[in-house]
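A short worksheet on the structure shown next.
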Amino acid sequence: MEYFIGVMIYFFARCILSGFYTVDQNERAVKTIFGRAQRIDGQRTSQHPMSTHLSPDEGKRYDFPMVQAIGPGLHFKLPWEQVYKVSIATETMNMAFDPESPRSNRNGTVLDAVTRDQLNIGLTGQIRYRVSESNLYAYLFGIKTPITHVMGYFVSVLREKIANYESNKSTGKENAMSIGDTHISETISINDLRKNLRDINDMMIQDCRGSEARYGIILDASLITGIDPPPEVDSALAAINTAYNNVSSEISLAKASADQTIVLSKRAVEIEMLKVQAEVEPLNAMASQLRALKSMGAEVLPNFVRNVKMGLFKKAKKVILSK
């Protein structure tokens, strides 16, 4: 009897008391039964919109089953069941951090890359990421260390983007040598990169959308904050930029002066035209009046001329008549 009571107490403590668990608000959980995750029947990631960002070959390779995500609250599990909890809160990580080798990339602070003109530069910044609630299987069971994979994926995409990046102005879609519209120093790749940091960050988010289907991690933001050349070329680059800035300033001033001269010339022509019109208008009015008088009869116009002469004689102090 005592043995039976002991078994019942053990069963109660092992199966009932230890079977309760909680899931926080910023967590999701997946339950496995004898090592197999509870799946959603007939649903796989290849059928989810997240797979649209993968190529056909990648879609077959990263085709994971979709599992039931347990939300916040108090839950119960049986002894042969196991619960895996995952935080879905957004986290920030230095983009130069290597989970497998923390000392690399200058102790995880600066990421090296090469520009299209073979200049070695250092990138600083962060990435924001979170675990995908729709692809918990890939994060928990599909990949051993998903954060390592996603960081390697992000770094490879970033280095490829830096090595081949050219803005619209640099590719010839706009005149890259036109001072005032496009700065001449944009022909230097690092200047082009610095000026278009926001564009690069946006493109990184677009190009890394496949990480959710691959690794179960969503990249929310790429925050590249600094692009620095090697110290040995920094001073030379600064001198080049200074020279280009001076050239740009002089050409801009010359262009402004020329534009002002053209505007003043147009205004002078308009003024002279108005003066001519002001002189011609009374003559045109008088000609119209004379034509109207002539049309009234043969005697009307001579009488009008005689009356005008008499008025002029009254105003004149001296009149000289020819014989």
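Could you order the peptides 302-312, 152-162 from most to least packed, using the average number of other C-beta atoms within 10 Å per residue?
Numbers: 302-312: 10.8, 152-162: 17.1.
Ranking the peptides 302-312, 152-162 by packing returns 152-162, 302-312.
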- prompt: How far, in nm, would the chain grow between residue 275 and residue 25 when pulled straight, counting 0.36 nm per residue and subtracting the alpha carbon separation?
  reply: 81.9 nm
task: Find how much the distance from residue 156 to residue 93 grows on full extension, using 0.36 nm per residue of separation minus their present alpha carbon separation; answer in nm with one decimal.
output: 21.1 nm
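If R0 is 45 Å, what FRET efficiency do you get for residue 76 and residue 116 from their C-beta distance, rounded to 0.05?
So the FRET efficiency works out to roughly 0.15.
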query: Mean separation of Cα pairs under 8 Å and 6+ residues apart, divided by the residue count of the chain: what relative contact order is that in percent?
result: 16 percent
query: How far apart, in nm, are the 7 Å Cα→Cβ label points at residue 223 and residue 195?
result: 2.6 nm
task: Note down the nm distance, to one decimal, between modelled labels 7 Å out along Cα→Cβ at residue 60 and at residue 8.
output: 6.0 nm
- line: Mean-square fluctuation maximum in Gaussian network of the chain, Cα pairs under 10 Å, restricted to 56, 146, 229, hits 56
message: Could you tell me the calculated FRET efficiency between residue 286 and residue 265, based on Cβ-Cβ distance and R0 = 56 angstrom, to the nearest 0.05?
response: 0.95
field: Separation of alpha-carbon centers, region 98-152 and region 27-77, rounded to whole Å
entry: 23 Å
- request: Take the alpha-carbon positions of region 278-322, form their convex hull, and give its projected area averaged over all directions (one quarter of the hull surface) in nm².
  value: 4.5 nm²
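List, in the order given, every pair from 60/144; 31/144; 294/314; 275/317 whose Cα-Cα distance in the structure shown is over 28 Å.
Pairs exceeding the cut-off: 275/317.
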message: Quick check: net charge around residue 64, other residues with Cβ under 15 Å of its Cβ, Lys/Arg +1 and Asp/Glu -1?
response: +2
task: Calculate the all-directions average of the projected area of region 1-146's alpha-carbon convex hull, and give it in nm².
output: 13.7 nm²
query: What is the packing order of peptides 280-288, 210-218, 88-96, taking the mean over residues of other C-beta atoms within 10 Å and listing the highest first?
result: 210-218, 88-96, 280-288
- request: Could you work out the mean projected area of the convex hull around the alpha carbons of region 33-105, in square nanometres to one decimal?
  value: 8.4 nm²
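Report, in cubic angstrom per residue, the convex hull volume of the C-alpha atoms of the chain.
Convex hull volume per residue, Cα atoms: 367 Å³.
Only the coordinates and a few stated rules stand behind these numbers; no lab work does. Worth saying up front: this structure is predicted, and the values here are computed from it rather than measured. Backbone-built Cβ (ideal geometry, glycine too); neighbour counts: all protein chains shown.
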